[in-house]
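Since the structure comes first, as structure tokens, the remarks are kept for the end.
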Amino acid sequence: MKNFLSTLALLASLPIHAQTVNNLLAPNTPAPYFTGASDGDLAGSNNISELDVHSLLYSGNSTQVYVQYMPWWSGTHNGSSINVGYNSNDPAYIQDMLASVAGRGINGLIVDWYGPSDNTTPWWDTTVSYFSGAPSLKFAIMVDAGMLSEPCNQCNNQQTLLAGLAYMQSHYFSNSQYLTDGGKQVVFDFGMTAVSGINWTTVQNDYPNIKWIHLDNATSPSGFAITKSAGSFLWIDPPPYPTQESQADMSEPDYFYTNAQSYPTKIAFGGAFAGFDNSLAAWNNGQPQYIPQNCGATWLATFAQVNNYYSSTHQLPYLQLITWNDYEEGTEVETGIKTCSAAAASVSGHTVTLSLTHPETIDHFELWKKINSTTYNYIQDEAKSVGSFTVPTSGTYYLKGIGVPFMQNFVSNSITIN
């Protein structure tokens, strides 16, 4: 498996016009051995856009973008039929993953954490030990209610949560790369407020250094309104089985951002996602739920909702990408988002004219000249709106379509200039 840090350093050292490649669509994900799945997970052997994800947000944004991370893959996991082709505890994978996350403009990871008794916690701890090699990244813990299924010895729910917080305090909070806001550690709650036996006032009093960000619509009309809440985060909300959407319903994001305006002193942690499909999850009880990807339209729509409510003068402080690698729910963006974009190039003399399919998911083009059967030289960038352009030198060329962040890249038909 290639090392992203060394690859990026090499490319950065080359003058852009001198770049030469052997494969215009060489794999560039940290999961190159994942073969893809019927739930929409794209094969890791694809070439995807590594443009900064902030480019999808409103002009002048200062939003910190985080991505939800699952630390438990080891081939199959918990009865899953999905083999992602890597081990989350493998140092080579961890380093490539962190480099890939940073390379896409993401500010950090939010880990789905099941507590100190879970067998994946040592794997996450290994991941944390490599964060110093990616100094631009932060991380935070999302306490999953699943930790209560592995309570500490003779512990009730309250004691189990407090034991988990004690572990976090001793293992994570002193790390300079742990996410803080206003000098306090940010901790996310995924479903904990929906269980009985937890006194949030006591929890907050015991750990006053924590800012709790609660799941939206957990046990009340708003995660912002939960006792001692410091804020709320948006999560993906697929329609109940057997409803099938032809396009993703944006009413939940619309509700969240509208409601957030009523809590200006609390943290709004927005969300963006490409789709949802848990048909391969062992726990779907025969009632799979779906949100269609629609050729990247859902991905773009979730960013458009953010941009409808926030601006350079009214900033969204944080945004979470849902998710980096939840392959079971078909939400992973680690291997990119499948494109339906294409560019058909026609030639008249030295003039190339383009006909585009799904231009909304294209950022720009790169023009490459074929030198021989295994070598291509970069020539120049072309805007997706160019329509037509002139190539002065004879030869065989290709246009590489660079997608908007996380979209799959593609290559046009050959362009022959005589």
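The values are calculated or read from the model by the stated rules, or taken from the named source; none is laboratory data. Everything quoted here is computed from the prediction, not taken from an experiment. Positions of Cβ are backbone-derived with ideal geometry, glycine not excepted, and every protein chain shown enters the neighbour counts.
What the table shows:
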{"read-out": "Single condition Thr353 does not satisfy, out of (1) surrounded by fewer than 19 Cβ atoms within 10 Å (Cβ to Cβ); (2) assigned to a strand (DSSP E or B); (3) touching a residue at least 40 places away in the same chain (Cβ under 8 Å)", "value": "(3)"}
{"read-out": "Restricting segment 14-71 to residues that are acidic (Asp, Glu) and touching a Pro at 6+ places or on another chain (Cβ under 9 Å), the residue that is farthest from Ile371 (Cα to Cα)", "value": "Asp39"}
{"read-out": "Test set (1) closer than 25 Å to Gly108 by Cα; (2) out of contact with any Leu (no Cβ under 6 Å at 6 or more places or on another chain) - Ser149 fails condition number", "value": "(1)"}
{"read-out": "Residue that is surrounded by the most Cβ atoms within 10 Å (Cβ to Cβ) [pool: residues in segment 368-392 that are assigned to a strand (DSSP E or B) and of a type in the set (S, T, N, Q)]", "value": "Asn377"}
{"read-out": "Counted residues, segment 274-309 - those being in contact with a Cys (Cβ under 8 Å, 6 or more places away or on another chain) and either assigned to a loop (DSSP other than H, G, I, E, B) or surrounded by fewer than 19 Cβ atoms within 10 Å (Cβ to Cβ) (or both)", "value": "1"}
{"read-out": "Test: residue in segment 393-407 that is over 15 Å from Leu51 (Cα atoms) and exposed (fewer than 13 other Cβ atoms within 10 Å of the Cβ)", "value": "yes"}
{"read-out": "Hits in segment 56-72 - residues which are modelled with pLDDT of 95 or more and not hydroxyl-bearing (Ser, Thr, Tyr)", "value": "Leu56, Leu57, Gly60, Asn61, Gln64, Val65, Val67, Gln68, Met70, Pro71"}
{"read-out": "Only listed residue being of a type in the set (Gly, Ala, Ser), closer than 13 Å to Pro30 by Cβ and part of a helix (DSSP H, G or I), chosen from Ser170, Ser132, Ser100", "value": "Ser100"}
{"read-out": "Unique match (being touching a residue at least 40 places away in the same chain (Cβ under 8 Å), touching an Asp or Glu at 6+ places or on another chain (Cβ under 7 Å) and more than 25 Å from Thr20 (Cα to Cα)) among Gly330, Gly403", "value": "Gly330"}
{"read-out": "Selected residue (criterion: nearest to Leu280 (Cα to Cα)) from residues of segment 313-349 that are among the hydroxyl-bearing types (Ser, Thr, Tyr) and under 20 Å from the mean Cα position of the chain (by Cα)", "value": "Tyr327"}
{"read-out": "Residues within segment 138-159 that are farther than 17 Å from Ile210 by Cβ and assigned to a strand (DSSP E or B), tallied", "value": "0"}
{"read-out": "Answer from Ser100, Ser45, Ser62, Ser88 - the residue that is of a type in the set (S, T, N, Q) and in contact with a strand residue (DSSP E or B) (Cβ under 9 Å, 6 or more places away or on another chain)", "value": "Ser88"}
{"read-out": "Residue list for segment 109-160, restricted to those being hydrophobic (A, V, I, L, M, F, W, C) and more than 23 Å from Thr323 (Cβ to Cβ)", "value": "Cys152, Cys155"}
{"read-out": "Qualifying residue in segment 194-207 (condition: crowded, with 19+ Cβ neighbours inside 10 Å, polar (S, T, N, Q) and either outside any strand (DSSP E or B) or outside the structural domain of Val306 (by TED's automatic domain parsing) (or both))", "value": "no"}
{"read-out": "Output for segment 367-397, where each listed residue is of a type in the set (Phe, Trp, Tyr) and touching an Asp or Glu at 6+ places or on another chain (Cβ under 9 Å)", "value": "Tyr378, Phe389"}
{"read-out": "Flag for Ser170 being at pLDDT 95 or above, surrounded by fewer than 16 Cβ atoms within 10 Å (Cβ to Cβ) and in the same structural domain as Asp206 (by TED's automatic domain parsing)", "value": "yes"}
{"read-out": "Odd one out for Trp324, checked against (1) assigned to a strand (DSSP E or B); (2) assigned by TED's automatic domain parsing to the domain that holds Gly60", "value": "(1)"}
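Yes/no matrix, rows are residues, columns are (1) in contact with a Ser or Thr (Cβ under 6 Å, 6 or more places away or on another chain); (2) assigned to a loop (DSSP other than H, G, I, E, B); (3) farther than 25 Å from Gly191 by Cβ; (4) in contact (Cβ under 8 Å) with a residue 12 or more places away in the chain:
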| position | (1), (2), (3), (4) |
| --- | --- |
| Asn61 | no, yes, yes, yes |
| Val65 | no, no, no, yes |
| Ile82 | no, yes, no, yes |
| Asn89 | yes, yes, yes, yes |
| Tyr93 | no, no, yes, yes |
| Gly105 | no, yes, yes, yes |
| Pro116 | no, yes, no, yes |
| Trp124 | no, no, no, yes |
